[in-house]
Amino acid sequence: METVVDLADVTVARGNTRILKSVSWTTHVGEHWVIVGPNGAGKTTLVRVISGREAPVSGTASVLGARIGSHDPAELSTRVGFASQSLAQRIPGSEKVRSVILTAAWGQSVSYHEDYEDADTGRADDLMAVFGVSGLTDRRFGTLSEGERQRVLLARALMTDPEILILDEPTAGLDLGARELLVGALNEIAGHEGSPQLVLVTHQIEEIAPGFTHAAVMSDGRIVAAGPIEEILTGVTLSRAFGLPLTAGRTDGRWWAHGIDAPHQGTGSRTVS
């Protein structure tokens, strides 16, 4: 199988603190991954590495055949789409929606009156239609609701027709309706032939769209389990990562997880799958 992401003993440190600790992880074409784990597990740092935004201090990281740290990050940015709250914060509130999407073609978050080809403007218009934001074309980014912003950012992340699409907690701050619209959009992308590899970071199991095929569970800067999603998202694995007894499962194609009710725990701290 063709390799997409290949990490070997990757460590990332800030000062004397190791954020990632000897992480090894490989993905292949045709797989869609979700990365779950508690806050502070290292999820965001992991995807910053595979997006080329952060280089390891030791170990090797290769994405789409390019070694992180030895290739131009700007070149990789056209092949790896990235949507996150941190990106949203860098986009001026005065920027118009169409411009927010178009500027991704130049790897920028602010328009400097660039000239775009018809193919670029056509793709931006098509993406706005796909994500239901065509009516927001001339709205300023700062006036959008959280749900509207996330759909605009998803369209922006797909502007360069990337081979990988990374989504760092895209449903954070969304109400139930907006969350379900976004989950539906992700499921549609995952089911489309020739879609980019999706990598979704979340700590909310309920946000996982049915189209995701694989999962990696993180805790304390390490990947504690990775593989086919039905083998990984178990109560046993999640209990180990989150440090409390959990049960997990899938109903009608959607994943769920919750704490084991106290009356059923007995005197021990057992976990169930």
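With respect to Val236, determine if the residue is among the β-branched types (Val, Ile, Thr), without any contact (Cβ under 8 Å) to a residue 60 or more places away in the chain and either assigned to a loop (DSSP other than H, G, I, E, B) or farther than 25 Å from Thr103 by Cα (or both). Yes. Of everything in the stretch 133-147 that is part of a helix (DSSP H, G or I) and among the polar types (S, T, N, Q), the residue that is surrounded by the fewest Cβ atoms within 10 Å (Cβ to Cβ) is Thr143.
Count, please, the residues in the stretch 223-233 that happen to be in contact (Cβ under 8 Å) with a residue 12 or more places away in the chain and outside any strand (DSSP E or B).
Filtering the stretch 223-233 down to residues in contact (Cβ under 8 Å) with a residue 12 or more places away in the chain leaves 223-230, 232-233.
Filter again for outside any strand (DSSP E or B), leaving 229-230, 232-233.
Residues in the stretch 223-233 being in contact (Cβ under 8 Å) with a residue 12 or more places away in the chain and outside any strand (DSSP E or B): 4 in total.
Scanning the stretch 255-270 for residues that are buried (at least 16 other Cβ atoms within 10 Å of the Cβ) and either within 23 Å of the chain's Cα centre (by Cα) or at pLDDT 95 or above (or both) yields Trp255, Ala257. Candidates Leu158, Leu198: the one that is modelled with pLDDT of 95 or more and buried (at least 18 other Cβ atoms within 10 Å of the Cβ) is Leu198. Anything in the stretch 76-94 that is of a type outside the set (Gly, Ala, Ser), surrounded by fewer than 19 Cβ atoms within 10 Å (Cβ to Cβ) and in a loop (DSSP other than H, G, I, E, B)? List them, or say none. Within the stretch 76-94, Thr78, Arg79, Pro92 qualify. Given the structure, is Leu127 in a strand (DSSP E or B) and closer than 18 Å to Leu182 by Cβ? Considered against the rule, which asks whether it is in a strand (DSSP E or B) and closer than 18 Å to Leu182 by Cβ, Leu127 comes out as no. The set of residues in the stretch 27-45 that are of a type in the set (A, V, I, L, M), farther than 12 Å from Leu200 by Cβ and surrounded by 23 or more Cβ atoms within 10 Å (Cβ to Cβ) contains only Ala41. Ala124 passes every criterion in (1) surrounded by 15 or more Cβ atoms within 10 Å (Cβ to Cβ); (2) modelled with pLDDT of 90 or more; (3) farther than 19 Å from Arg79 by Cα apart from (3).
Of all residues in the stretch 45-97, which are charged (D, E, K, R), more than 17 Å from the chain's Cα centre (by Cα) and modelled with pLDDT of 90 or more? It would help to see each step written out before you state the result.
Pass one, the stretch 45-97, residues charged (D, E, K, R): 48, 53-54, 67, 72, 75, 79, 90, 95-96.
Cutting the leftovers down to more than 17 Å from the chain's Cα centre (by Cα) gives us 67, 72, 75, 90, 95-96.
Correct list: Arg67, Glu95, Lys96.
The values are calculated or read from the model by the stated rules, or taken from the named source; none is laboratory data. Note that this is a predicted model, so its numbers are computed, not measured. Reconstructed Cβ throughout: ideal geometry from the backbone, glycine too, with neighbour counts over all protein chains shown.
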